[in-house]
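Data first, discussion second: the structure below is written as structure tokens.
The values are calculated or read from the model by the stated rules, or taken from the named source; none is laboratory data. Being a predicted model, the structure only gives us computed values, none of them experimental. Reconstructed Cβ throughout: ideal geometry from the backbone, glycine too, with neighbour counts over all protein chains shown.
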Amino acid sequence: MAQNWQSLAADKRRRQQECIPKDWLISVPSDTVLDVRDVPEKCGLLTRRELEITNTTDVAVLLKKLATSEWSSVEVTTAFYKRAIIAHQLVNCLTEIFVERALARAAELDKYLKETGKIVGLLHGLPISLKDQICMKGLETTMGYVSWIGKYADHDAALVEILYASGAVPFVRTNVPQTLMWPETFNNIFGRTTNPANRSLTSGGSSGGEGALIALKGSPLGVGSDIGGSIRIPSGFNGVYGLRTSYGRVPYQGCVNSMEGQDSVPSVLGPISNSLSGIKAFMQAVIQQQPWLKDPLAVRKKWDEGAYALSEHGGGKQLCFAIMWNDGVVVPHPPVTRALEMTKNALLPAGHRVVDWHPFKHADLNRTLSAIWNAGASQDYKIVTAATGEPVVSTMSPVEEVIAKGIFRPDDDGLPAYQLWRVQKLRAGLRKEYLDHWQKTAEVTGTGRPVDAIISPCAPYAAPPHGANKNTSYTMVWNTLDYVACVFPVTRVNPELDGIKPEHKFLSKADKTNHGIYDPATFQNAPVALQLVGRSLEEEAVIAMTEIVDAALKGKPSGTKPSKL
């Protein structure tokens, strides 16, 4: 007799639990303890050296110590694995756990370095976590679908092959929402991933497992995906760095996904890390391996050191940043506005110019993207779940059973082909209009160039309570335009600084709703991050400009960058 979906999910959870070494289990704080970021330090599982290793958040430093054999890959992988398991017990962030396999890989790398005196590649010995859609040979990839339990990959995704060639150690896979198409993380197999800074708040999605894991320093570098904000939202909500790359800059071949065949606005892969050096190291390593030889959709573009030196942006000497205070639809909550003000106040004394960004047709751009997604999404979800009768998740709320039609679960009837083509044509026109809008800013920057980058909220709020993340407009717009965007942490919600503001002239019904949900006590301690937005295929320049902004916020000299890897 065939198992029902509940028993299939329960069996998968049992098998996952059996993969955790028993001596890595800890005493987990009660649910009343909301901030669990200090638990890895205090639980007693990690040795002093393992704490030193996992607290080394600068990936460039980790890579140097691995390359010089100061730290072995086995001890670094063991340290991060133990911390990842601690993180999982605290916030439920992992899916696939394969300790012996990862340690065997690490041992091979140590042996190679000892025998040859050479590293395998730019990521030699570094543990890397992967979102549960990036296939690894011999492992299940469920992507939050009960129907996909038991589907073992017979090959590695192109990115995994590249990571192995670069010397990396893939060591865990991380939790996602069912379908991926939700900015929070919950599914019927593994359950909910929570926010380490405040477990009553969401970790974001769909790369929520990655964001929470890295925030707890359970991984130095992870890989997420982004079709509407799925790297940037969890990066922002967890206070870490994350890069939304351009279409095809990182190979996607061999990954599973929702809405496969929808290639007007593709999902993209990108790095999440506690350091910008991790973001840069990932991009350099992947591009060095010529991903276009493994994925026919990958862009043939080598790492451009001139672009990283900001050759098209005045050499980075005096940049002009445009701050988008709101998107013309929803005004952000006070902590987000304060983060924008902090960033402006850091950039001006560092010698850079700051102007206001006037959002151009953001509502139209976001409606266009939603129409493209929804053309076939409902049918896609139903077909996948039909195999087991698993329900399509319709709310991320732990208490409400609200059908989220029109938000992240579309109405049944999508667009027929001709109407979809019309929407795609509309999008092409909007992209041209936005390009012209950007180009015209050369009239106001004072540098002779258009605005170098836009600094924008990641969302109109910090991480909200579970089930309440219903606005993705601040991230979706850049997917529609295919602009590169890098998230950087700025501050945290502070009730003393972030009081409720009086009502303003509301821009929309959504704006009024957003204003009404703000209570600083609810969002207590939530990280607040922003995103720096550049244009298509400007990954190198966006990373470099984010380094400059990050340095200014930290009070370092303008233009300070990590040493070359």
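A few notes on this one:
- Residue check, Gln318 more than 30 Å from Val490 (Cβ to Cβ) and touching a residue at least 24 places away in the same chain (Cβ under 8 Å): no
- Counting only residues that are touching a residue at least 12 places away in the same chain (Cβ under 8 Å) and either assigned to a loop (DSSP other than H, G, I, E, B) or touching a Phe, Trp or Tyr at 6+ places or on another chain (Cβ under 7 Å) (or both), segment 107-125 holds 7 of them.
- Whenever a residue of segment 368-392 is without any contact (Cβ under 8 Å) to a residue 60 or more places away in the chain, its partners that are surrounded by 21 or more Cβ atoms within 10 Å (Cβ to Cβ) and outside any helix (DSSP H, G or I), lying with C-beta atoms within less than 6 angstrom and at least six residues away or across chains, give the pairs Asn374/Pro410; Ser378/Pro410.
- The one condition in (1) outside any helix (DSSP H, G or I); (2) under 19 Å from Ser275 (Cα atoms); (3) not polar (S, T, N, Q) that Leu46 fails to fulfil: (2)
- Scanning segment 91-105 for residues being surrounded by fewer than 24 Cβ atoms within 10 Å (Cβ to Cβ) and assigned to a helix (DSSP H, G or I) gives a total of 7.
- Of all the criteria given as (1) under 21 Å from Ser275 (Cβ atoms); (2) among the charged types (D, E, K, R); (3) over 19 Å from the mean Cα position of the chain (by Cα), the one not satisfied by Glu140 is (1).
- Taken over segment 173-213, residues that are among the aromatic types (Phe, Trp, Tyr) and in a loop (DSSP other than H, G, I, E, B) amount to 2.
- Residues in segment 131-142 include at least one that is of a type in the set (A, V, I, L, M), buried (at least 17 other Cβ atoms within 10 Å of the Cβ) and within 16 Å of Val286 (Cα to Cα).
- Contacts under 9 angstrom Cβ, first residue in segment 468-496 being at negative phi, partner in a strand (DSSP E or B) and among the acidic types (Asp, Glu), 6 or more apart: Thr475/Asp226; Asn479/Asp226; Ala485/Asp226
- Residue list for segment 532-542, filter: buried (at least 24 other Cβ atoms within 10 Å of the Cβ) and more than 19 Å from Gly229 (Cβ to Cβ): Glu540, Ala541
- Residues in segment 461-501 that are in a helix (DSSP H, G or I) and either touching a Phe, Trp or Tyr at 6+ places or on another chain (Cβ under 8 Å) or modelled with pLDDT under 95 (or both): Leu481 alone.
- Positions within segment 259-316 being of a type in the set (Asp, Glu) and more than 16 Å from Ser246 (Cβ to Cβ), in sequence order: Glu260, Glu305
- Set Ile149, Ile128: member being in contact (Cβ under 8 Å) with a residue 12 or more places away in the chain and touching a strand residue (DSSP E or B) at 6+ places or on another chain (Cβ under 6 Å): Ile128
- Residue check: Leu113 meets all listed conditions (1) touching a strand residue (DSSP E or B) at 6+ places or on another chain (Cβ under 9 Å); (2) farther than 18 Å from Leu8 by Cα; (3) among the hydrophobic types (A, V, I, L, M, F, W, C) but one, namely (1).
- Selected residue (criterion: nearest to Ile128 (Cα to Cα)) from residues of segment 226-258 that are surrounded by 24 or more Cβ atoms within 10 Å (Cβ to Cβ) and among the small types (Gly, Ala, Ser): Gly242
- Every test in (1) in a helix (DSSP H, G or I); (2) under 22 Å from Pro196 (Cβ atoms); (3) touching a residue at least 12 places away in the same chain (Cβ under 8 Å) is passed by Glu52 save one, and that test is (3).
- Residue in segment 68-77 that is of a type in the set (Val, Ile, Thr), within 26 Å of the chain's Cα centre (by Cα), surrounded by 21 or more Cβ atoms within 10 Å (Cβ to Cβ) and within 18 Å of Ser273 (Cβ to Cβ) present: yes
- Any hit, segment 82-98, residues being among the β-branched types (Val, Ile, Thr) and over 30 Å from Val146 (Cα atoms): no
- Filter result for Thr78 (among the hydroxyl-bearing types (Ser, Thr, Tyr) and within 21 Å of Pro196 (Cβ to Cβ)): no
- Flag if Leu297 is buried (at least 22 other Cβ atoms within 10 Å of the Cβ), over 30 Å from Pro520 (Cα atoms) and either under 22 Å from the mean Cα position of the chain (by Cα) or touching a residue at least 24 places away in the same chain (Cβ under 8 Å) (or both): no
- Beta carbons closer than 7 Å, at least 6 apart along the sequence or on distinct chains, pair a first residue in segment 62-86 that is closer than 19 Å to Lys118 by Cα and of a type outside the set (Gly, Ala, Ser) with a second that is surrounded by fewer than 24 Cβ atoms within 10 Å (Cβ to Cβ) and modelled with pLDDT under 95 for Leu63/Leu565.
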